[in-house]
Amino acid sequence: MTSATGGCQCGAVRYRIDQALENAHICHCRMCQKASGNYFMPLARTPRAKFAVTRGEIGWFQSSDIVRRGFCRDCGTPLLFDVVDRDTINVVLGSLDDPEAVKPTFQCGLHARQPWFGELDTLEPSSDETSWYQAIAPSNHQHPDHDTEQWPAENRS
């Protein structure tokens, strides 16, 4: 992938990256767990000069003296991990329009990794998964995984 687009769940913030992402990884540290509301955070970096917000404005939380976290102020989607004195910025991989295009190559923060993390692939799938997603589909307000001229769409009820 030589360029990428992404954004938040509600579509208020969109971004573009004009270079392949580097250093793709999963961080298990407790700070990333809290920032993502998840057991880990997948990240990859790009030069700051190659990253541009194309819609909206990113909100920031200073999670330590040297790191701030970027997110959508409207829907709360985590978007960025920014070490403030570096010329690079890290993008949260789940916010990419095509997240499967960037495969993490290493893990860090292993001291806080959940002890059962390696067993996740052995979990049984939900028996009602298909009906659940079919029930959600008609009322889905999530921004599509591509840039739009306007969002929300005018014809939404």
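The values are calculated or read from the model by the stated rules, or taken from the named source; none is laboratory data. Predicted, not measured: the structure shown is a model, and the values here were computed from it. So basically every Cβ, Gly included, is an ideal-geometry build from the backbone, and we count neighbours across all protein chains shown.
A few points about this structure:
- Restricting attention to region 25-42, the residues that are surrounded by 18 or more Cβ atoms within 10 Å (Cβ to Cβ) and more than 22 Å from residue 11 (Cβ to Cβ) total 7.
- Extreme residue, surrounded by the fewest Cβ atoms within 10 Å (Cβ to Cβ), among residues of region 112-132 that are hydroxyl-bearing (Ser, Thr, Tyr) and over 28 Å from residue 34 (Cβ atoms): 127
- Considering 109, 56, 70, the condition of being touching a Leu at 6+ places or on another chain (Cβ under 7 Å), of a type in the set (Gly, Ala, Ser), modelled with pLDDT of 95 or more and surrounded by 15 or more Cβ atoms within 10 Å (Cβ to Cβ) is satisfied by 70 alone.
- Pairs with Cβ under 6 Å, 6+ apart, first in region 94-120 and in a loop (DSSP other than H, G, I, E, B) and aliphatic (A, V, I, L, M), second surrounded by 11 or more Cβ atoms within 10 Å (Cβ to Cβ) and modelled with pLDDT of 95 or more: 102/21; 102/24; 102/44; 102/93
- Whenever a residue of region 48-71 is without any contact (Cβ under 8 Å) to a residue 60 or more places away in the chain and part of a loop (DSSP other than H, G, I, E, B), its partners that are surrounded by fewer than 15 Cβ atoms within 10 Å (Cβ to Cβ) and of a type in the set (A, V, I, L, M, F, W, C), lying with C-beta atoms within less than 7 angstrom and at least six residues away or across chains, give the pairs 66/83; 66/84.
- Within region 34-59, the set of residues being within 13 Å of the chain's Cα centre (by Cα) and either more than 16 Å from residue 70 (Cβ to Cβ) or among the basic types (Lys, Arg) (or both) comprises 38, 40, 45.
- Every condition in (1) more than 30 Å from residue 3 (Cβ to Cβ); (2) at pLDDT below 95; (3) of a type outside the set (Asp, Glu) holds for residue 137 except the one numbered (1).
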